[in-house]
Structures are given as structure tokens and as C-alpha cells.
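Have a look at the structure below before the remarks.
The values are calculated or read from the model by the stated rules, or taken from the named source; none is laboratory data. Every value quoted in this text rests on a predicted model; they were computed, and no experiment measured them. Note: ideal-geometry Cβ built from the backbone for every residue, glycine included; neighbour counts use all protein chains shown. These area figures cover heavy atoms from the full protein model, side chains too; ligands, DNA and RNA do not enter into them. Shrake-Rupley method; radii C 1.70, N 1.55, O 1.52, S 1.80 Å.
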Amino acid sequence: MIITVYGPGCAKCKKLEEIARKAIEQAGVKAELTKVEEIGEMAKAGVFLTPALVINDRVVISGKVPTVAEVVGHINAGAA
């Protein structure tokens, strides 16, 4: 599973990265977590609101900081 956090490095983007790490641990899945801060790469991925969370090339959260439980739910749905 590949999980990517998109954002320019703002506080909300850093918080989403922290939440994603906790969610991966709670979900107990093997996942590669990456962070993308380049605007051009965000546009290529279809991300226009940040922070954004992408799981396996699918934008699942955009424009808000979710809870750990929300991210765990998306991870579990993506792992199914």
C-alpha cells in the first residue's frame, strides 16, 4: 500500500503526516508513506486542496485534517 500526504509544508500538512503515521500503525498494515510538497506534483495527482491524503493513487481526503480513526477507515478500505 502506498500512502501519500500532499501539502506545501504548512502546519495542517505536517499534522496530516503525523496522523497518517499513527493510522498506519493502528491499522497494522505494511505501507509506504511519502510526502509531496511540490505544487506541480500535486496538480498531476489531481490534488487541488491541501492537505490531502492519497491511498494507492486515489485521493481519499482533501482540504481538511481528518482524525486518526478516519484515516484508519480509509486504509482498511484500501487494503481490502
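If you take the residues of the stretch 7-17 that are out of contact with any Cys (no Cβ under 8 Å at 6 or more places or on another chain) and in contact (Cβ under 8 Å) with a residue 40 or more places away in the chain, which of them is most open to solvent (accessible area, probe 1.4 Å)?
Residue satisfying both the conditions and the ranking: Lys12.
Only one of these conditions is not met by Gln26: (1) touching a residue at least 24 places away in the same chain (Cβ under 8 Å); (2) over 13 Å from the mean Cα position of the chain (by Cα); (3) outside any helix (DSSP H, G or I). Which number is it?
In the conditions (1) touching a residue at least 24 places away in the same chain (Cβ under 8 Å); (2) over 13 Å from the mean Cα position of the chain (by Cα); (3) outside any helix (DSSP H, G or I), Gln26 misses (3) alone.
Can you pull out the residues in the stretch 18-30 that are open to solvent by less than 40 Å² (accessible area, probe 1.4 Å), in contact with a strand residue (DSSP E or B) (Cβ under 9 Å, 6 or more places away or on another chain) and either among the small types (Gly, Ala, Ser) or farther than 18 Å from Ala77 by Cβ (or both)?
Residues satisfying the conditions are Ala20, Ala23.
Considering only the stretch 31-49, state which residues are open to solvent by 60 Å² or more (accessible area, probe 1.4 Å) and closer than 20 Å to Ala77 by Cα. Break it down stepwise before answering.
Within the stretch 31-49, the subset open to solvent by 60 Å² or more (accessible area, probe 1.4 Å) is 32, 37-39, 41, 44, 48-49.
Hit for the stretch 31-49 is Glu32, nothing else.
Among the residues of the stretch 50-63, how many are surrounded by fewer than 16 Cβ atoms within 10 Å (Cβ to Cβ) and without any contact (Cβ under 8 Å) to a residue 24 or more places away in the chain?
Count: 3.
Are any residues in the stretch 45-80 aliphatic (A, V, I, L, M) and assigned to a loop (DSSP other than H, G, I, E, B), and if so, which ones?
Our first condition is that a residue be aliphatic (A, V, I, L, M); within the stretch 45-80, this holds for 45, 47, 49, 52-55, 59-61, 65, 68-69, 71-72, 75, 77, 79-80.
The answer is Ala45, Val47, Leu49, Val65, Ala80.
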